[in-house]
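Report on the following structure.
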Amino acid sequence: MNDRTPTPHFLLVHGAWHGSWCWRELQDLLMERDWTSHTVDLPSVVNEGADGKLPGLLDDARVVREAIDAVEAPLVIVGHSYGGAPVTQAAAGATNVSHLVYVSSFALDVGESLMTCFGGEQPDLTTVEGVIPVRENPEATLYSDVPDDKRNAALARLLPQSALSFAEPVSRAAWKTVPSSYVFCDDDQSLPPAYQEPFAQRTGATYHLPSGHTPLLSMPDKLADLLEQIAQST
């Protein structure tokens, strides 16, 4: 980048069961390095007891697109885990998105959903209601390498995820037209590397972190280093 090139901002999009709170430590590190970051709260993460027809992936994508359109700077969008799916939908056609970063994430193709991307059947969306509870044994699957204090604080904040968010397919795939990278989490107990591989193959570059599923909590400094490297190269 030179003096006349606008410095990119980051837009950080959380995964299932989480909220924008999970990015706080990473945001603080980026701010210390003079990077501006933004977050969203996806509406598919719902309160305990929510039932019936709830917000889905397309509702999440609308929120992400509103955040994209509100930033008057080039954007590097970081999608963690499920967050990659609404990013894939929302960033298509956005002129200020310079790069997509999928962190152990779902770079879905057109017509794919989280329920179908590994060979499952597409349900009738008119019948999909209710929630997907926080996955079993999250302290191991989501936070295997997160320090105990941060793990416990995160576990206390997890909320149900709408079933529709996992069932709705994307109708656009931004990675087909926007430069993109994939960050493998090599010790991921939730989405192991073999399952990350098909999505990584759709991106233009790959990187590795020796982390479990949630490096934004387990090694935010190393993730910040990597994001800074990617942003500087856009």
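The values are calculated or read from the model by the stated rules, or taken from the named source; none is laboratory data. Worth saying up front: this structure is predicted, and the values here are computed from it rather than measured. Cβ atoms come from the backbone with ideal geometry, glycine included; neighbour counts cover every protein chain shown. Accessible surface areas use protein heavy atoms only, side chains included; no ligands, DNA or RNA. Shrake-Rupley method; radii C 1.70, N 1.55, O 1.52, S 1.80 Å.
Residue count for region 66-115, restricted to those that are open to solvent by less than 30 Å² (accessible area, probe 1.4 Å) and either without any contact (Cβ under 8 Å) to a residue 60 or more places away in the chain or part of a strand (DSSP E or B) (or both): 16. With a requirement of 2 or more residues that are at pLDDT 95 or above, at negative phi and touching a Phe, Trp or Tyr at 6+ places or on another chain (Cβ under 9 Å), the helices (runs of 4 or more DSSP H) lying completely within region 135-183 that satisfy it span 148-155, 163-167. The single residue among Gln201, Gln196, Gln232 that is in contact (Cβ under 8 Å) with a residue 40 or more places away in the chain, farther than 13 Å from Ser105 by Cβ and of a type in the set (S, T, N, Q) turns out to be Gln232. For region 23-59, which positions are assigned to a helix (DSSP H, G or I) and either of a type in the set (A, V, I, L, M) or touching a Gly at 6+ places or on another chain (Cβ under 8 Å) (or both)? Hits for region 23-59 are Leu26, Leu29, Leu30, Met31, Leu57, Leu58.
Just checking, how many residues over region 210-230 are farther than 19 Å from Arg24 by Cβ and in contact with a Ser or Thr (Cβ under 9 Å, 6 or more places away or on another chain)?
Restricting attention to region 210-230, the residues satisfying the condition of being farther than 19 Å from Arg24 by Cβ are 210, 229-230.
Within this subset, residues satisfying the condition of being in contact with a Ser or Thr (Cβ under 9 Å, 6 or more places away or on another chain) are 230.
Matching residues across region 210-230 total 1.
For region 103-160, enumerate the residues that are more than 24 Å from Leu223 (Cα to Cα), among the acidic types (Asp, Glu) and in contact with an Asp or Glu (Cβ under 9 Å, 6 or more places away or on another chain). The answer is Glu129, and nothing else. Residues in region 126-143 include at least one that is touching a residue at least 60 places away in the same chain (Cβ under 8 Å), closer than 15 Å to Ser105 by Cβ and either small (Gly, Ala, Ser) or open to solvent by less than 20 Å² (accessible area, probe 1.4 Å) (or both).
The sole residue among Glu228, Glu197 that is in contact with a helix residue (DSSP H, G or I) (Cβ under 8 Å, 6 or more places away or on another chain) and either in a helix (DSSP H, G or I) or among the hydrophobic types (A, V, I, L, M, F, W, C) (or both) is Glu228.
Please verify whether region 23-34 includes one or more residues that are modelled with pLDDT under 95 and surrounded by fewer than 22 Cβ atoms within 10 Å (Cβ to Cβ). Before you say what the answer is, go through the steps one by one.
First pass over region 23-34, keeping only residues modelled with pLDDT under 95: none.
No: region 23-34 contains no residue that is modelled with pLDDT under 95 and surrounded by fewer than 22 Cβ atoms within 10 Å (Cβ to Cβ).
Filtering region 172-215 to residues that are under 17 Å from Cys117 (Cβ atoms), charged (D, E, K, R) and open to solvent by 10 Å² or more (accessible area, probe 1.4 Å) leaves Arg172, Lys176, Glu197, Arg202.
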